[in-house]
1. Cβ neighbours within 10 Å, averaged per peptide: list 41-50, 7-16 in order, most packed at the top.
2. Distance cut-off 24 Å, Cα to Cα: go down the list 45/127; 30/114; 83/114; 22/72; 30/111; 72/127 and report the pairs above it.
3. Restricting things to alpha carbons, tell me how big region 73-122 is in terms of Rg and Dmax, in Å.
4. Give the aspartates and glutamates reachable from residue 92 as a straight Cα distance under 12 Å; neighbours fewer than 8 places away on the same chain don't count.
5. What's the Cα-based Rg to Rh of the chain, Rh via Kirkwood?
6. Could you grab the relative contact order for region 46-128? Cα pairs under 8 Å, six or more apart, rounded to a whole percent.
7. Can you give the helix-only mean residue ellipticity at 222 nm for the chain, where every DSSP H stretch with n ≥ 4 adds -39500 (n - 2.57) and the sum goes over all residues, rounded to the nearest 500 deg cm²/dmol?
8. With a 1.4 Å probe and all protein chains left in place, how much of the accessible area of the chain comes from carbon and sulfur atoms, in whole percent?
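The values are calculated or read from the model by the stated rules, or taken from the named source; none is laboratory data. The structure displayed is predicted, hence computed values, not measured ones. As a convention, Cβ positions derive from the backbone with ideal geometry for all residues, glycine included, and neighbour counts pool all protein chains shown. Heads up: the accessible areas ignore ligands, DNA and RNA and are worked out on the full protein's heavy atoms, side chains in. Shrake-Rupley method; radii C 1.70, N 1.55, O 1.52, S 1.80 Å.
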Amino acid sequence: DPKGDTGVYLLYMYVRLCSILKKGGYDEEKLQELAQTTEISLETKEEKELALLILRLPEYIEMVFNDLQINKICNIIYEISSKIGEFYQTNKVLGDEKEHSRILLIEITRKVMKTLFTMLGMNTIEKI
């Protein structure tokens, strides 16, 4: 099932982020340059909620290790996937005046998701 709390859904959301970056022509070098020259602006509700969730990541990871419940990482990835889905459904990214800021938020989210997948021993894909 490509929707809901499944590995397929989580990987689909990750691939979707990769697709947005690729469609916009954002490779690693361009993203590095953007990170040096652009300040992330969080103006919409969805941007703020996603950023807050990512900022709480160290707290979540500490809880996972303290409780010895690795399954909570799946819950974190699901929450992030839901928030990024809400974000890009309600906020135009490519072609918007806030494109650079939103691309950086997408890249940060992609990196966080990749790290969490790695913690679970899951390989990521960038294209379906």
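1. On the way: 41-50: 15.9, 7-16: 17.9.
By packing density, highest mean first, the sequence is 7-16, 41-50.
2. Values: 45/127 29 Å; 30/114 19 Å; 83/114 16 Å; 22/72 30 Å; 30/111 15 Å; 72/127 26 Å.
Going by Cα-Cα distance, 45/127; 22/72; 72/127 fall outside the 24 Å limit.
3. 12.1, 38
4. Those aspartates and glutamates meeting the cut-off are 46, 47.
5. On the way: Rg = 14.5 Å, Rh = 15.1 Å.
Reported Rg/Rh, Kirkwood definition of Rh: 0.96.
6. Details: 37 pairs, mean separation 28.8, N = 83.
Relative contact order of region 46-128: 35 percent.
7. Working: 6 runs with 90 residues, N = 128.
For the chain, the value works out to -23000 deg cm²/dmol.
8. Numbers: 4020 of 7640 Å².
Here carbon and sulfur together make up 53 percent of the probe-accessible area.
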